[in-house]
Structures are given as structure tokens and as C-alpha cells.
């Protein structure tokens, strides 16, 4: 199958860590238990390793954080719309009757102004 890792922690140490937690340090949380193992028992083990071991043995519940609330995405152009009106030249034949002589032709130009995101 392959060679065991030289960094692998011996089975005797695993059993000692689990036994100490069951019998003596059951009231400590997972964060402080590795500190106690280093100070009191001279076992150099990491917090992540101890946490995985205790969770795998069922001595500590796997903590799931709160679910993330998803925000709606902002639109690309979340700015304002700018509208400009410009007077243009009237086409031939426009304004022939009395009613339309006072009118002018305008075009509306719209442009989006984007904010820096």
C-alpha cells in the first residue's frame, strides 16, 4: 500500500489524547485542550489535529457556522441616468400650419453615468 508518513503520530499518543479528554479534561473546549496537553503532558500536537481527532471520535460536535445571507448583486450601472435635450434643425415642410409654427424639434439624448465601484 505504501510507506507510513514519518510525521504520523503513534497510536499510543492518539489513545492517550482521547483518554485524557474523556477522563480528565472533558470540561475543556477544543481550543484550550491542546494548550493543556502541551503544558501538562508535554505532547506537541496542533490544535487542528486535536480538533479533527476529537470530532472523528464523536467527543466534540462539528461546528457549523451560521449560513451566509446572500445579497442581491448591484447592477453594473448603478448610477443615475442623465437626460439632455438638444434643439435640432426642423426638416423641410415642418411648421407649415399656424399651430405648429411656435414648436421646435428636440432630441433626447440619454447617457448612463457609472459610479466607481
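What follows is calculated from the coordinates using simple rules that are stated; it is not laboratory data. Treat the numbers as computed from the prediction; the structure is a model and nothing was measured.
Would you mind calculating the gained length between residue 15 and residue 41 on full extension (0.36 nm times residue separation, minus the Cα-Cα distance), in nm to one decimal? Don't jump to the answer; show the numbers that get you there.
Values: separation 26, 0.36 × 26 = 9.36 nm, distance 1.36 nm.
Between residue 15 and residue 41, full extension yields 8.0 nm more.
Contour minus end-to-end for residue 57 and residue 32, with contour as 0.36 nm per residue of separation and end-to-end as the Cα-Cα distance? Don't skip to the end; give the middle numbers.
Details: separation 25, 0.36 × 25 = 9.00 nm, distance 1.79 nm.
Extra length from residue 57 to residue 32 when fully extended: 7.2 nm.
For region 1-55, what class follows from the C-alpha gyration tensor (a ≥ b ≥ c being the square roots of its eigenvalues): rounded when a/c is under 1.5, otherwise prolate if a/b is larger than b/c, else oblate? Kindly include the intermediate steps, with their values, before the conclusion.
Numbers: a/c = 1.99, a/b = 1.93, b/c = 1.03.
Verdict is prolate for region 1-55.
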